[in-house]
1. Being modelled with pLDDT of 95 or more, assigned to a helix (DSSP H, G or I) and either surrounded by fewer than 24 Cβ atoms within 10 Å (Cβ to Cβ) or under 16 Å from the mean Cα position of the chain (by Cα) (or both) is the requirement here; does A207 meet it?
2. Select from the range 303-326 the residues that are surrounded by 19 or more Cβ atoms within 10 Å (Cβ to Cβ) and touching a Lys or Arg at 6+ places or on another chain (Cβ under 8 Å) and write down the one among them that is nearest to H167 (Cα to Cα).
3. Would you call L47 modelled with pLDDT under 95, under 21 Å from V145 (Cβ atoms) and touching a helix residue (DSSP H, G or I) at 6+ places or on another chain (Cβ under 9 Å)?
4. Taking the conditions exactly as written (farther than 21 Å from V159 by Cα and not in a helix (DSSP H, G or I)), does H12 satisfy them or not?
5. Return the residue satisfying two criteria in turn: it lies in the range 26-55 and is in contact with an Asp or Glu (Cβ under 7 Å, 6 or more places away or on another chain) and not in a loop (DSSP other than H, G, I, E, B), and of such residues it is farthest from T268 (Cα to Cα).
6. Can you pull out every residue in the range 171-204 that is over 14 Å from F134 (Cα atoms), in contact with a Ser or Thr (Cβ under 9 Å, 6 or more places away or on another chain) and not aliphatic (A, V, I, L, M)?
7. I'd like to know if the range 184-199 contains one or more residues that are among the charged types (D, E, K, R) and part of a loop (DSSP other than H, G, I, E, B).
8. Considering the range 294-306 alone, what residues qualify as being at pLDDT 95 or above, among the acidic types (D, E) and not in a helix (DSSP H, G or I)?
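The values are calculated or read from the model by the stated rules, or taken from the named source; none is laboratory data. None of the values given here were measured: they were computed from a predicted structure. Glycine gets a Cβ as well: all are built from the backbone with ideal geometry, and neighbour counts include every protein chain shown.
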Amino acid sequence: MSTARTARTAQHKIGSGFGAHSSAADVLAGIDLTGKLALVTGGYSGLGLETSRALHAAGARVVVPARRPAAAREALAGVDGVEVDELDLGDLDSVRAFAERFLASGRTLDLVIDNAGIMACPETRVGPGWEAQFATNHLGHFALVNRLWPAIEPGGARVVSVSSRGHHFSGIRWDDVDWQDGYDKWQAYGQAKTANVLLAVHLDRLARDRGVQAFALHPGGILTPLQRHLPREEMVANGWIDEDGTPIPQEGMKTPEQGAATQVWAATSPRLAGLGGVYLEDCDIADPAPADGERTGVKDYAIDPEQAARLWDLSAERTGVNAFAD
């Protein structure tokens, strides 16, 4: 293994100067994104909204593909330089149609942040019976990035895959990816979040010689609309909210502005040049997960290059798209 390859994939902190309490505005201080074009899926709600606002404030134009375009336009009202288009990541025809519209504009992308997702939803099937969290959080973004490749490659874009510490819940269940044999909403979420990391690992390997880098990350614990599928009693039992639905302050919880920081840092930081394919948390490269089971850092299975290649092939077969096919 070459020294360059080792340096690119080393999974350890680099001392970024930022941390868990840094905000998206903090990490963008001094960075001018004027003339840059960013795409943020789900960039109208929760962390996505804060990400869109921060990138716009730094000078970027932002495209927000949204499953609910009317709600997106309302949320982004007053933020000039942000455009909204329709995209349902759980519908591959919708992904194809959005990508065709975008490519027809002839524009080049500089930043792609795969932010949208669903979490711990009741058992749901999309397409030909695929489990919804894997299909939406992973396959939809896989298809989107591959279809947008003609706009991603020319500008040497960064592609950021928003994963979660939830990847600790499950690796890829190769013998039952779609949970046909029983369904556990949190383990299914974990599998989808592991897939988000593996996507970045293999995309970076394929694209690095073309000037494109990919990263994955855990944004932190934040109460956002991502919790929409969780029953109130479950959130009360977890101590996240009180009986009236009011959030309960907890150690380690972040504000949306803090939660958006790591994905904005991943998309823009000069410190990450040449370090693609890694998993980030708290605005730094994460360390490997400890052996004691504590849910910090990144699990080995989520950054395993062989599993990343295997998932890429499975995803290409399912979606029918692969920008890197021979």
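1. Yes: the conditions hold for A207.
2. A308
3. Yes, satisfied.
4. It is false that H12 is farther than 21 Å from V159 by Cα and not in a helix (DSSP H, G or I).
5. E50
6. Hit for the range 171-204 is D204, nothing else.
7. yes
8. D304
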